[in-house]
């Protein structure tokens, strides 16, 4: 028996508001899930290289951004009305106390660390981040030991995803990158890799 295709059965997507209410009730307590485009997505287990890379990215970005920025790791981000991902690292303005009433919805940068999730981070998360207007999206590619940089979110008609990044670059460990929010600051790619 084959897998069901979403168009074969009637489905119901959740809004971010509905998802947050379910989270508040404790329904998903202990489960590693996130809301993406109205669907509940199970997050993959983290292997040691992934967790090490997440910490390295967080440390490098805390050093680069400094005061006035909150570098959050694997915490909810209010992307839009249908998505509340938990990016590996996201840099938001302000401090943790600024987000007591609601999850942040604006950011300077989102970073995903990818090994087995590489295709998903490129094909599913990138279009969602582009649609939400995230100007600076990076993927730390553990397989190739590179940093993929996605910029200039653009609506692309005639595609199934609708939104893409018009500018992509791949940087090796010997390169460096400046976040769009801090063009004068250079971060060595090697600082982001385990």
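Just give me the residues in the stretch 105-128 being under 27 Å from residue 63 (Cβ atoms), without any contact (Cβ under 8 Å) to a residue 40 or more places away in the chain and surrounded by 20 or more Cβ atoms within 10 Å (Cβ to Cβ), in sequence order.
Once the filter is applied, which keeps residues that are under 27 Å from residue 63 (Cβ atoms), without any contact (Cβ under 8 Å) to a residue 40 or more places away in the chain and surrounded by 20 or more Cβ atoms within 10 Å (Cβ to Cβ), the stretch 105-128 yields 107, 110, 112, 114, 121, 126.
Of the conditions (1) touching a residue at least 12 places away in the same chain (Cβ under 8 Å); (2) under 25 Å from residue 177 (Cβ atoms); (3) assigned to a loop (DSSP other than H, G, I, E, B), residue 78 clears all except one; give me its number.
Among (1) touching a residue at least 12 places away in the same chain (Cβ under 8 Å); (2) under 25 Å from residue 177 (Cβ atoms); (3) assigned to a loop (DSSP other than H, G, I, E, B), residue 78 violates only (2).
Mind counting the residues in the stretch 149-194 that are crowded, with 16+ Cβ neighbours inside 10 Å, touching a helix residue (DSSP H, G or I) at 6+ places or on another chain (Cβ under 8 Å) and closer than 16 Å to residue 126 by Cα?
5
State all residues of the stretch 134-184 that are part of a loop (DSSP other than H, G, I, E, B), in contact (Cβ under 8 Å) with a residue 40 or more places away in the chain, within 18 Å of the chain's Cα centre (by Cα) and over 26 Å from residue 93 (Cα atoms); if no residue qualifies, say none.
Within the stretch 134-184, just 142 meets the criteria.
Looking at the stretch 5-27 only, could you name the residues that are closer than 14 Å to residue 76 by Cβ and modelled with pLDDT under 75?
none
For the stretch 29-60, which positions are surrounded by fewer than 15 Cβ atoms within 10 Å (Cβ to Cβ) and assigned to a loop (DSSP other than H, G, I, E, B)?
Answer for the stretch 29-60, where residues must be surrounded by fewer than 15 Cβ atoms within 10 Å (Cβ to Cβ) and assigned to a loop (DSSP other than H, G, I, E, B): 29, 30, 31, 32, 43, 44, 45, 47.
Among the residues that make up the stretch 2-17, is at least one of them in a helix (DSSP H, G or I) and touching a residue at least 12 places away in the same chain (Cβ under 8 Å)?
Of the residues in the stretch 2-17, the ones in a helix (DSSP H, G or I) are 6-8, 16-17.
Filter once more, so that each one left must be touching a residue at least 12 places away in the same chain (Cβ under 8 Å): 16-17.
Yes, some residue in the stretch 2-17 is in a helix (DSSP H, G or I) and touching a residue at least 12 places away in the same chain (Cβ under 8 Å).
Could you check, for the stretch 63-72, whether at least one of its residues is surrounded by 13 or more Cβ atoms within 10 Å (Cβ to Cβ), in a helix (DSSP H, G or I) and in contact (Cβ under 8 Å) with a residue 24 or more places away in the chain? Steps first, please.
Keep residues of the stretch 63-72 that are surrounded by 13 or more Cβ atoms within 10 Å (Cβ to Cβ), which gives 64-65, 69-72.
Remaining after also requiring in a helix (DSSP H, G or I): 64-65.
Add one more test, that the residue is in contact (Cβ under 8 Å) with a residue 24 or more places away in the chain, and what stays is 64-65.
The answer is yes, given that some residue of the stretch 63-72 is surrounded by 13 or more Cβ atoms within 10 Å (Cβ to Cβ), in a helix (DSSP H, G or I) and in contact (Cβ under 8 Å) with a residue 24 or more places away in the chain.
The values are calculated or read from the model by the stated rules, or taken from the named source; none is laboratory data. Just so it is clear, the structure is predicted and the values come from calculations on it, not from any experiment. Glycine gets a Cβ as well: all are built from the backbone with ideal geometry, and neighbour counts include every protein chain shown.
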